[in-house]
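The values are calculated or read from the model by the stated rules, or taken from the named source; none is laboratory data. Note that the structure is predicted; figures quoted are calculated from it, not measured. No Cβ is skipped: glycine too gets one built from the backbone with ideal geometry, and neighbour counts run over all protein chains shown.
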Amino acid sequence: MCSVGAFVRACLLGAIMSSVCACRASAGFGIDDEKTVLLFSGADIWGHGWFSHKGVLWSPGGFESEGFTLKLLLGAGLYQYKSGALADETIVGAQVIAFALPGWRFQRDRFTISVFAGVDFQYHHLTPNDPGSSLRGAKLGIRGGFDLWYQHSPDMMIGADASVSSVGPSYSARLALGWRIPESLYVGPEASGFATGDDYNQLRLGLHITGAKMDDLEWTIGLGWTFDSDERDGLYGRLGIIARQ
């Protein structure tokens with residue numbers, strides 16, 4: 001039986017990382033380094049659900065300096081899974097998630113890593129009710145993780161992240177490589193993996209575009225293929241938008 005929150009957490013974490021990578025990528029594109037607030041939003045869709053989110057990153061010392069940073073996020077989505085406790089009946093789940101993660105950014109030349117830890121709140125509503133699921137109703141836990149950006153050369157980036165939450169518990173990791181197209185954006189492959197306890201795991205392989213600009217907004221796009229432990233492989237798509245203030 002699939003753990004009911006795994007799909008949504010997987011999409012959520014991928015979307016968050018896209019926004020963070022886009023934030024760091026913008027450093028070379030002439031954006032004011034003294035801005036301290038980054039607004040981000042995004043959406044993720046796959047064969048059995050969707051998720052959207054909005055959030056804010058606040059770094060009082062600026063995004064190109066070491067120091068305190070705070071990540072706040074609110075999101076919601078729908079997903080489907082088959083319940084082993086109900087003879088493989090399809091369950092439709094609705095989820096709301098919110099977390100507050102204070103952290104610290106470390107800066108070394110071309111290398112940046114931000115480390116976060118804080119409170120993770122989730123609410124799940126299942127139709128029909130699934131007695132075999134541990135994710136029903138409100139859940140409060142602890143989430144920790146990191147975001148990494150390495151500018152290997154002026155024309156190549158490496159982005160990575162990992163996250164763990166006591167709700168589930170759940171785990172995730174992502175790695176992206178990108179090559180810069182002159183004066184605009186990075187394009188390259190991405191790979192990510194997600195797991196919830198021993199019940200469910202998912203692998204994603206695809207391509208991303210990071211740092212595309214339109215007026216005062218930056219966009220990230222991901223597209224690829226998912227492989228999961230429920231043998232429901234298929235396409236995924238991800239979109240992220242950020243704006244600095």
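Remark: residue 211 falls outside the filter, which requires a residue to be over 23 Å from residue 153 (Cα atoms) and either assigned to a strand (DSSP E or B) or free of Cβ contacts under 8 Å to residues at least 24 places away in the same chain (or both).
Exactly one residue out of 146, 106, 121, 116 is surrounded by fewer than 15 Cβ atoms within 10 Å (Cβ to Cβ) and either touching a strand residue (DSSP E or B) at 6+ places or on another chain (Cβ under 6 Å) or among the acidic types (Asp, Glu) (or both): that is 106. Restricting attention to region 81-131, the residues that are part of a strand (DSSP E or B), without any contact (Cβ under 8 Å) to a residue 40 or more places away in the chain and farther than 30 Å from residue 66 by Cα add up to 8. In region 147-198, of all residues being among the acidic types (Asp, Glu) and not in a strand (DSSP E or B), the one that is nearest to residue 109 (Cα to Cα) corresponds to 155. Mind listing whichever residues of region 124-136 are within 27 Å of residue 72 (Cα to Cα), surrounded by fewer than 19 Cβ atoms within 10 Å (Cβ to Cβ) and modelled with pLDDT under 85? Answer for region 124-136, where residues must be within 27 Å of residue 72 (Cα to Cα), surrounded by fewer than 19 Cβ atoms within 10 Å (Cβ to Cβ) and modelled with pLDDT under 85: 134, 136.
Taking first residues from region 160-171 that are under 19 Å from residue 113 (Cα atoms) and partners that are among the polar types (S, T, N, Q), the Cβ contacts under 7 Å between residues at least 6 apart in sequence or on separate chains come to 162/172; 163/172. Residues in region 218-237 that are under 14 Å from residue 48 (Cα atoms) and part of a strand (DSSP E or B): 225, 226, 227, 228, 234, 235, 236, 237.
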